[in-house]
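Okay, so here's the structure we're looking at.
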Amino acid sequence: MNPWGAIILRDLRVAWQGGGALLPLSFFLLVATLFPFAVGPDGPLLAKVGGGALWMAALLAALLPVDRLIAPDAEQGVLDQYAVRGLSDEGVAAAKIAAHWLGFGPPLLLAALPASALLKLDGAVLARLELGLAIGTPALAALGVMTSALTLGLRGAGALAGLVMLPLAVPLLIFGAGALGPQGMGALKLLAAASLLLTAIAPFAAGAAIRAARD
Amino acid sequence: MPPARLAFDRVACLRGDRLLFEDMSFALGPGEAALLTGPNGAGKSSLMRIAAGLLAPSAGMVEREGGIAFAGEAAALDPRQPLGAALRFWAGFDGAVRGDVETALDRMGIANLAEVPVRMLSTGQRKRAALARVLAGRDGIWLLDEPGNGLDKASLARLGAAMATHRARGGIVLAATHQPLDLDGASEIPLGARR
């Protein structure tokens, strides 16, 4: 098999076996369940703020598995073995991003259906939320792998990862939530631009960070 | 296997502000082997990592011809997977054919552990599993960091036999070790002469 495909399949398997794939999903649904309790059962109010709350939940859900994306592979020598076999660190990072997105993006899109019902989002908003998440989750996955690589070998990497990742994710949040309004097409395009930029940069940043951590 | 070659040309290794070694030159051709010896912290593992291309030498050149199989401190096997499946993952990268993993397991005497998850293995068994990963590949250059650590007498003999077969096929073995290894006619590269 093609080595990149093998890496993607392996990472997906590890994520499922370790329970890491279910964690963001249950967190996302938990937020959607708790939010109406906190705000109160006021339908119009929930519909107004619910979409933004779901975007924030998606963002924080993407942050959850960050400490398991790269650090275990680095400790177990798996990354070294890839490098010895002539696979570039950037390529490995890109494969890891693809695997992380596959394990978390599509399930999140599915989970957004019950979540939006809980928050009384109407069909049009739900459609824009799904579209926005489909565009934005690759960037969230890319950011997750990138911060995971950047905090490699640091103490308290999990907490630090949040500080590194969340500021970079701000554009996604702004444009993603902005796209939920009736005039959202412009925001959606900007979301796509931000997502493309982050997804394109991340493999190089993550690859460089992996290489630096090896020294 | 294409003719393997590993050559260091005046290589230096600087870690932090400590110079571990400099002017390190040696060349290994097909069938040759070298033992890397020296006290803890002398730079044996660093030299292995430089040979594997994981660390850039601070000065000098490293030439490699042929694939590299590296067995470092970490086994690089998924703890949750059965040993056989974990080895087959790497065998897929190394162009091994069907049966190579089974043969390698058999040669390291752990064929009966193929279905056991890696996390259940003992230290010595894990070391043998990492060596089986090297055996299952088709690489010309074997870089073994402390391959004898935690191995019992019978396993050491198996390791010796495996290295001999590999050299007979034209492979290279570079091993860092504290204990005597069964490597006939291997040159010795002592490290740590400097303070």
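The values are calculated or read from the model by the stated rules, or taken from the named source; none is laboratory data. Computed from a prediction, not measured in an experiment: that's the story for all the values here. Note that we place each Cβ from the backbone using ideal geometry, even for glycine, and neighbour counts take in every protein chain shown.
A single member of B:R80, B:R133, B:R119 is in a helix (DSSP H, G or I), within 14 Å of chain A (Cβ to nearest Cβ) and surrounded by fewer than 16 Cβ atoms within 10 Å (Cβ to Cβ), and it is B:R119.
With the checklist (1) touching a helix residue (DSSP H, G or I) at 6+ places or on another chain (Cβ under 9 Å); (2) over 16 Å from A:A169 (Cα atoms) in hand, flag the one item A:R155 doesn't pass. Only one criterion in (1) touching a helix residue (DSSP H, G or I) at 6+ places or on another chain (Cβ under 9 Å); (2) over 16 Å from A:A169 (Cα atoms) is unmet by A:R155, namely (1). Among the residues of the range B:103-116, those that are touching a residue at least 24 places away in the same chain (Cβ under 8 Å), within 19 Å of the chain's Cα centre (by Cα) and either surrounded by fewer than 16 Cβ atoms within 10 Å (Cβ to Cβ) or part of a helix (DSSP H, G or I) (or both) comprise B:T103, B:A104, B:L105, B:R107. A count restricted to the range A:7-61 and to residues that are acidic (D, E) and within 14 Å of chain B (Cβ to nearest Cβ) stands at 1. With respect to (1) within 30 Å of A:I7 (Cβ to Cβ); (2) within 14 Å of chain A (Cβ to nearest Cβ), the lone exception for B:L20 is condition (1). Give the range A:1-33 a look and list any residue that's closer than 13 Å to A:L108 by Cα and either assigned to a loop (DSSP other than H, G, I, E, B) or among the polar types (S, T, N, Q) (or both), or say none. Residues satisfying the conditions are A:A21, A:S26. Of all the residues that make up the range B:126-149, how many are over 18 Å from B:L183 (Cα atoms) and among the acidic types (D, E)? Total meeting the criteria: 1.
State which residue is surrounded by the most Cβ atoms within 10 Å (Cβ to Cβ) when the search covers only the range B:89-102 and only residues that are at pLDDT below 90 and closer than 19 Å to B:F70 by Cα. Top of the filtered list is B:V101.
Filter the range B:58-98 for residues that are of a type outside the set (V, I, T) and in contact with a Phe, Trp or Tyr (Cβ under 9 Å, 6 or more places away or on another chain) and give the result. Talk me through it step by step, then tell me what you get.
Initial filter on the range B:58-98 (of a type outside the set (V, I, T)): B:58-61, B:63-67, B:69-96, B:98.
Matches in the range B:58-98: B:G60, B:M61, B:E63, B:A69, B:F70, B:A71, B:A76, B:L77, B:D78, B:Q81, B:F93, B:A96.
Scanning the range A:62-77 for residues that are surrounded by fewer than 24 Cβ atoms within 10 Å (Cβ to Cβ) and either within 14 Å of chain B (Cβ to nearest Cβ) or more than 18 Å from A:G156 (Cβ to Cβ) (or both) yields A:R68, A:A71, A:P72, A:A74, A:E75, A:Q76, A:G77. Among the residues of the range A:78-93, those that are touching a Gly at 6+ places or on another chain (Cβ under 8 Å) and more than 8 Å from chain B (Cβ to nearest Cβ) comprise A:S88, A:D89, A:E90, A:G91, A:V92, A:A93.
Looking at this structure, is A:A142 away from every other protein chain (no Cβ under 14 Å), in contact (Cβ under 8 Å) with a residue 12 or more places away in the chain and either surrounded by fewer than 21 Cβ atoms within 10 Å (Cβ to Cβ) or of a type outside the set (V, I, T) (or both)? Against the criterion (away from every other protein chain (no Cβ under 14 Å), in contact (Cβ under 8 Å) with a residue 12 or more places away in the chain and either surrounded by fewer than 21 Cβ atoms within 10 Å (Cβ to Cβ) or of a type outside the set (V, I, T) (or both)), A:A142 qualifies. Restricting the search to strands (runs of 3 or more DSSP E) fully inside the range B:31-76 and requiring at least 3 residues that are crowded, with 17+ Cβ neighbours inside 10 Å and within 8 Å of another protein chain (Cβ to nearest Cβ) gives B:68-71. Is the range A:77-84 home to any residue that is at negative phi, touching a Leu at 6+ places or on another chain (Cβ under 8 Å) and of a type in the set (S, T, N, Q)? Among the residues of the range A:77-84, not one is at negative phi, touching a Leu at 6+ places or on another chain (Cβ under 8 Å) and of a type in the set (S, T, N, Q), which makes the answer no. Residue-level check: of (1) closer than 30 Å to B:L87 by Cβ; (2) touching a residue at least 24 places away in the same chain (Cβ under 8 Å); (3) part of a helix (DSSP H, G or I), A:L54 misses just (1).
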